[in-house]
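Heads up, the thing below is written out as C-alpha cells.
What follows draws every value from the coordinates through simple rules; no lab data is involved. Small disclaimer: the values here were computed from a predicted structure and weren't measured. Note that each Cβ is placed from the backbone with ideal geometry, even for glycine, and that neighbours are counted across all protein chains shown.
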Amino acid sequence: MSLTHSRRDFLRTGAAFGAAALAGGRELIGAPGQAPGTAGMRVVSSGNGLRATDKAMEMLRTGADPLDAVIAGVNIVENDPEDMSVGYGGLPNEDGVVELDASVMHGPTHSSGAVAAIQDIKNPSQVARLVMERSNHCLIVGEGALRFALAHGFKKEVLLTDKARELWLQWRENLSERDNWLPPQSKKFPGELQAYVMTYGTINCIALDAKGDLSGVTTTSGLSWKIAGRVGDSPIIGAGLYVDNAIGAAGSTGFGEANIQTLASYQIVQFLGQGMSPEQACLKMLERLADKVKLNPRLRRPDGRPNFGMNYYALNRKGEFGSASFTGPTQYAAHDGTKNALRPAAYLYKS
Ligand code: GLY
C-alpha cells in the first residue's frame, strides 16, 4: 500500500511527540527532541491480542503501513484454533456454521472495508482490506463476500474445529428436553455448562506509526450460537472500529448490538477530539451506554447494571492510549514502542 504524507502532517506529528510526554501520567512518548522515527509508534489491542501487538510493532519498525501491521497482527489470532472467538476455531452459529465478521479502517486515506457473515475463509480481515482496496464498497456480506474472496484467490477452508463443534453440539443437545437432539447417556450436562453461555469475544487492534498515521482492524466469529446471518458490530464502521487520522482510533470487543445502537467507536473518537484522554473517552462511552441500557429491560440486570460485557480501546494521534471495560479488573494489550504487555484496563463495575 503506497501512502503519501503532507509536510504539514509530518510537522504536526513531530510536535505531538513532545506535547504528549506528560499525558495521563503515563510514560508514553519519547523525550522531547527525540528524532521522529520510532518514539511515537503504538499498537493497542484487546486482551487476546498480545501476539498481535508484538507482530504489528515488529512491522511498524520496518516502516510497514499501520494497516498492514495490524492485519498481520490479528491474522495470528484468526489462525489460532485455541482462540474460539475469532477466525479458524471460532464458535459457530446456531446451525453449527462458522460465520465471520471483520472491518479495517485506514487513517491516511479515511477509507474502510468490511465483510460480514462470511463462511469458509479463515482471514476475514484480509478480505475486508480487499473490499477497501479492490471495490467501491464498504461492506460485503454472506455469499457475496465469499465469492468476492474466491475471485481474489482466497481458498475455502473448514473453519469448524472439533472442539468448537463439540461445544456447539452440547449447546444444541441441551436446548430442550422435548426435541430430538439427545446428549450421550454417559454424559449429562446439568447446571453450569460452558456451552450454554453465549460468548462474543473478538480481537480489535489499532496502531499509530512513526509518521503519525493511524489504522485499525476488528475481526470476530461474533456471538456464539447466533441466528444465521446475524451481523455484529465488528464489521460496522463506527460501531466496532473507527479511525480519524486527525484525532485517533477506537475499537471494541463485547456485545455488538449495544455498540451498533450507540456507534460506540465513532463516539469514543469524538470524545478524543474533545480533548479527553483515551481512558476517559472509553469510560465516558461506557457511562453513556450504561444509561441507555436502563431504557431496555432486556439488556439490564435486576440491579440496573448491563447484563453483558463491553470493552473499549482507544489511541490518539499523540500516542496516548487506554482501555476501559464495564466490569473489571481486566486487561488489554499494548505495545508502547518499548514494552509489549498486558495492562490493566479501567472499569465501571467491580466483578
Ligand atoms: N463484538 C462482537 C460481536 O458482538 O459480534
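Pull up the cross-link candidates among the lysines for LYS211, meaning alpha carbon to alpha carbon under 16 Å and not fewer than 8 places away within one chain. Of all the lysines, those that pass the test against LYS211 - Cα under 16 Å, at least 8 places apart if same chain - are LYS318.
Could you tell me which of rounded, prolate or oblate describes segment 58-167, using a ≥ b ≥ c as the square roots of the eigenvalues of the alpha-carbon gyration tensor, with rounded for a/c under 1.5 and, failing that, prolate when a/b is larger than b/c and oblate otherwise? The shape class here is oblate. Using the rule -39500 (n - 2.57) for each DSSP H run of four or more residues, divided by the residues of the chain, the 222 nm mean residue ellipticity is -9000 deg cm²/dmol. Annotation: amide H-H contacts under 5 Å for ALA117 (H modelled 1.01 Å from N, sequence separation of 5 or more, or interchain): LEU100, ASP101, GLY142. Near LEU150: Cβ cut-off under 11 Å, other residues only, Lys/Arg at +1 and Asp/Glu at -1. The net charge is +1.
Only lysines eight or more places from LYS55 in sequence, or on another chain, were considered; those with a Cα closer than 18 Å are LYS339.
Amide H contacts of SER277 (H built 1.01 Å from N, in plane; Pro and chain starts excluded): no residue 5 or more places away or on another chain comes under 5 Å. The distance separating the Cα centre of segment 234-272 from that of segment 280-322 comes to 11 Å. Per-residue Karplus couplings for segment 165-175, computed as 6.51 cos²θ - 1.76 cosθ + 1.60 with θ equal to phi - 60°, are listed in order as 5, 5, 5, 4, 5, 4, 4, 5, 6, 10, 5 Hz, Gly and Pro entered as x.
Between ALA228 and LEU169, the contour length at 0.36 nm per residue exceeds the Cα-Cα span by 19.6 nm. Under a Gaussian network description of the chain, with springs only between Cα atoms under 10 Å, the residue in THR199, THR220, THR53 that fluctuates furthest is THR199. The angle between the Cα long axis of helix 66-78 and the longest principal axis of the Cα atoms of the chain comes to about 30 degrees, rounded to the nearest 10. Between GLY319, GLY40, GLY96, the Gaussian network model of the chain with springs among Cα atoms under 10 angstrom shows the greatest mean-square fluctuation at GLY96. Note the angle between two axes, namely the Cα long axis of helix 142-151 and the longest principal axis of the Cα atoms of the chain, as a number of degrees from 0 to 90, rounded to the nearest 10. It works out to around 60 degrees. Placing pseudo-labels 7 Å out from each Cα toward the beta carbon at HIS152 and ASP179 gives an inter-label distance of 3.6 nm.
Taking the C-alpha atoms only, the angle from helix 7-19 to the longest principal axis of the chain is near 80 degrees.
Taking all Cα pairs closer than 8 Å and separated by 6 or more residues, the relative contact order of the chain comes to 21 percent. If both residues of a DSSP beta bridge must be in the chain, then about 85% of such bridges are antiparallel. Amide H contacts for GLY238 (H built 1.01 Å from N in the peptide plane; partners 5 or more residues away or on another chain; cut-off under 5 Å): TYR266. Sorted on the mean count of surrounding Cβ atoms within 10 Å across their residues, most packed first, peptides 332-343, 164-175 read 332-343, 164-175. Within the shell defined by Cβ-Cβ distances under 13 Å, the residues around GLY47 carry a net charge of +1, with Lys and Arg each +1 and Asp and Glu each -1. For the pair ARG301 and HIS110, label points projected 7 Å from Cα toward Cβ lie 4.1 nm apart.
Which one, SER277, ASN296, ASN245, is farthest towards the positive end of the dipole of the chain when Lys and Arg carry +1 and Asp and Glu -1 on their Cβ? Highest projection toward the positive end goes to SER277.
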